[in-house]
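In what follows, a structure is listed as structure tokens, so that the remarks can point back to it.
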Amino acid sequence: MSNPAVLEGVLERITYSNEENGYTVARVDTGRGADLLTVVGSLLGAQPGESLRMEGRWASHPQYGKQFTVENYTTVLPATIQGIRRYLGSGLIKGIGPRIAERIVEHFGVDTLEIIEKEPKRLVEVPGLGPKRTKLIGAAWEEQKAIKEVMIFLQGVGVSTSIAVRIYKKYGDASISVVKNEPYRLAADVWGIGFLTADRIAQAVGIPHDSPDRAKAGLQYALSQSTDQGHCFLPEEQLISDAVKLLQVDTGLVIDCLAELAAEEEGVVREKVPGPDGGEPVTAVYLVPFHRAELSLSAQLLRLLRAAEDRMPAFQEVVWEKALPWLASRTGAELAPEQEAAVRLALTRKVAVLTGGPGCGKSFTVRSIVELARAKKAKVVLAAPTGRAAKRLAELTGAEASTVHRLLELKPGGDAAYDRDRPLDADLVVVDEASMLDLLLANKLVKAVAPGAHLLLVGDVDQLPSVGAGEVLRDLLAEGGPVPQVRLTRIFRQAQQSGVVTNAHRINSGVQPITQGLSDFFLFVEDETEEAGKLTVDVAARRIPATFGLDPRRDIQVLAPMHRGPAGAGTLNGLLQQAITPARPDLPEKRLGGRVFRVGDKVTQIRNNYDKGQNGVFNGTVGVVTSLNTDDQCLTVRTDEDEEVPYDFDELDELAHAYAVTIHRSQGSEYPAVVIPVTTGAWMMLQRNLLYTAVTRAKKLVVLVGSRKAIGQAVRTVSAGRRCTALDHRLSGSLRAGNS
């Protein structure tokens, strides 16, 4: 490496940027008439069109020749008309795109930037710029300046652009002070910053390695990581060892800080709970919201079960010998004995659970329950955790159904409009796809059911548990629990003719699926993981559409066991996008790090955002990009619930492409056709309930791509261990409230 040097130039284009660490490869015009120069290094926040003053060193790359490695940079406002035009037209300032930039520069020439800075009101002189847009541009310029200042500070501590923007949006002018003095707050307050990023910042601003603030933040991070993996609590010993490993500090410090956290109001809760399989009791450590939700959910369920009043009293006296033949005349088919038991249970008991696999008549049973309740003039409310599942429930019953979020009218911040003080006006609440209900959502839902109303939860307990923490459906079905339940086991005759249904049940009972001689279930054998990935794309984008006439965007879903790897959802999304929504000169697009968004892209929301859309947009919501505007720097997604939701470009890391999704993310959705890569590359993830969940997402067609060995591994492996939850103990009374 050579001596320190300074390079000035206009940033022409960014050829690669890593959002995580800010490493960027860019081309710069030094204005000396020569070719563009390559610069590499941290160029966080720099935009094409900006003039930069870069400090760094010259180096020679064996493949790319001479290049400049940037150690830090400052933005220099461009001085030439050409530079100003490029700078403004780069999309840096919201509301100014290339066309408007052209007009402004034509009007004010070299003084343009000074006027935007000092006399933004004068922008109305430009033809076609009204007072409204002028005001917007002035505000965007001010915000951009403030963000730049925060960016330059954050760049010194190694934070990526998108996160710097978020920090600024959260704390405004207090950003620098929060980052300097309370960096661990960022992990709790700002989505996209975990403990590790906050820890890196804390180190850079000089917070000691063994500071109690650091240890407490590490403990809370270890707990929130475990809730991301589905646990409601962690056993104390495990939490301490996880935290020691994460923090690399003495066990004593971690134990002391855990005691302090347990004494704080919003810290953690420690409580003795029964051990797994009736073993020794363990000390469970909960984050406060999860402990509150578990106590509340169990109390509300028991309250509903024991309520003296009944909002559907007619069913206590019903003569079933008459009611059931009347029902059969309405629905055109008789109920099987176990279905009949479920119907009676739902209409006579306050809380009931109906479970069973595909083809066992869950849907027909639900339709029968709704039909009878309506015949007695009961108010029936139908809901499901996802838009797709709600649509299906509505088609099935001929009544309106909504997502749980919309039913409860969740407001910004996540509070529900309906709760214990203002319950839903419903006599019967039916929730489908209940295996997807996590602890926090189930608690919000059950709180909103009025005393005396009936609650029926319907779902397949053999599927993967919810994405969020808890195993609510399984806990409600636990042996010896108080919640009445029916499990449908008999597969109906027409369902037996479906390869999808037959194989789902084979997989669930540990038997290899049949992959030959069926018209709706296929296996393409490919042992090489990378080749299997390519073949998956070919099957989904070309072969199925050609053979079955299905639309690759709307009707076909690729479901991968994991996100990473050559046959993972990440790689497959890139390949499927090339095949289904390739770049076109007339198609606007927006690059973000290694990804590019285009109109027509199939996308999914990857975090709960209570401030978007009418009642929030939730992790797992799928939609299609319908418009993309580079001037206003926003794109619009039409979701599965037919809602148009706008996203600013700096919110795009809440969206991921959804041509391929992980099987975990596909819960509660149904697709005409699914393609599942099952490769030895995903060995650690291959489990029976994972493959079973993937296969049961398909209405008409399943294509497996991969190796027989990997399929065998998935069918044989029963998932290891339950999640840490104590809801079943609270319901059965083996965990008395108040022993914390």
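The values are calculated or read from the model by the stated rules, or taken from the named source; none is laboratory data. Predicted, not measured: the structure shown is a model, and the values here were computed from it. Glycine also receives a Cβ, built like all others from the backbone with ideal geometry; neighbour counts cover every protein chain displayed. Only protein heavy atoms, including side chains, enter the accessible area calculation; ligands, DNA and RNA are left aside. Shrake-Rupley method; radii C 1.70, N 1.55, O 1.52, S 1.80 Å.
In this structure, does residue 343 turn out to be modelled with pLDDT of 95 or more and either under 31 Å from the mean Cα position of the chain (by Cα) or of a type in the set (Asp, Glu) (or both)?
Spelling it out, it is not the case that residue 343 is modelled with pLDDT of 95 or more and either under 31 Å from the mean Cα position of the chain (by Cα) or of a type in the set (Asp, Glu) (or both).
The criterion of at least 1 residues that are under 26 Å from residue 571 (Cβ atoms), among the acidic types (Asp, Glu) and open to solvent by 30 Å² or more (accessible area, probe 1.4 Å) is met, among strands (runs of 3 or more DSSP E) falling completely within segment 586-665, by 589-592.
For segment 63-90, a residue qualifies if it is touching a helix residue (DSSP H, G or I) at 6+ places or on another chain (Cβ under 8 Å) and not in a helix (DSSP H, G or I), and the qualifying residues are 72, 74, 75, 77, 78, 79, 80. Quickly run through segment 256-278 and pick out the residues that are within 19 Å of residue 195 (Cα to Cα) and open to solvent by less than 80 Å² (accessible area, probe 1.4 Å). Within segment 256-278, 257, 258, 261, 267, 268 meet the criteria. Note on segment 328-363: residues that are of a type in the set (A, V, I, L, M) and surrounded by fewer than 21 Cβ atoms within 10 Å (Cβ to Cβ) total 6.
Can you confirm whether residue 531 is under 24 Å from residue 711 (Cα atoms) and open to solvent by 50 Å² or more (accessible area, probe 1.4 Å)? Here the answer is yes, as residue 531 does meet what is asked. A Cβ distance below 6 Å, combined with a sequence gap of six or more or placement on separate chains, defines the contacts here; from segment 302-319, residues that are within 30 Å of residue 728 (Cβ to Cβ) reach residues that are among the charged types (D, E, K, R) in the pairs 304/350; 305/350; 307/350; 311/427; 312/427. Taken together, the residues in segment 290-311 that are acidic (Asp, Glu) and closer than 17 Å to residue 231 by Cβ amount to 1. Restricting to segment 372-399, and then to whatever is farther than 25 Å from residue 348 by Cβ and over 17 Å from the mean Cα position of the chain (by Cα), can you tell me which residue is surrounded by the most Cβ atoms within 10 Å (Cβ to Cβ)? Within segment 372-399, the match that is surrounded by the most Cβ atoms within 10 Å (Cβ to Cβ) is 390.
This table checks each residue for (1) modelled with pLDDT of 80 or more; (2) surrounded by 16 or more Cβ atoms within 10 Å (Cβ to Cβ); (3) within 23 Å of residue 3 (Cα to Cα).
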| residue | (1), (2), (3) |
| --- | --- |
| 27 | yes, yes, yes |
| 42 | no, yes, yes |
| 52 | yes, yes, yes |
| 70 | yes, yes, yes |
| 87 | no, yes, no |
| 90 | no, yes, no |
| 95 | no, yes, no |
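For segment 171-222, filtering for residues that are within 12 Å of residue 159 (Cα to Cα), in a helix (DSSP H, G or I) and open to solvent by 20 Å² or more (accessible area, probe 1.4 Å) leaves 5.
Tell me which residues, restricted to segment 103-138, are of a type in the set (Gly, Ala, Ser) and either at pLDDT below 85 or loosely packed, with under 13 Cβ neighbours inside 10 Å (or both).
Hits for segment 103-138 are 109, 128, 130.
Taking residues in segment 112-141 that are closer than 11 Å to residue 94 by Cα, and partners anywhere that are small (Gly, Ala, Ser), the pairs with Cβ atoms closer than 7 Å and at least 6 places apart or on different chains are 133/95; 136/95; 137/95; 140/95. Put simply, of 334, 309, 338 the only residue that is over 30 Å from residue 502 (Cα atoms) and acidic (Asp, Glu) is 309.
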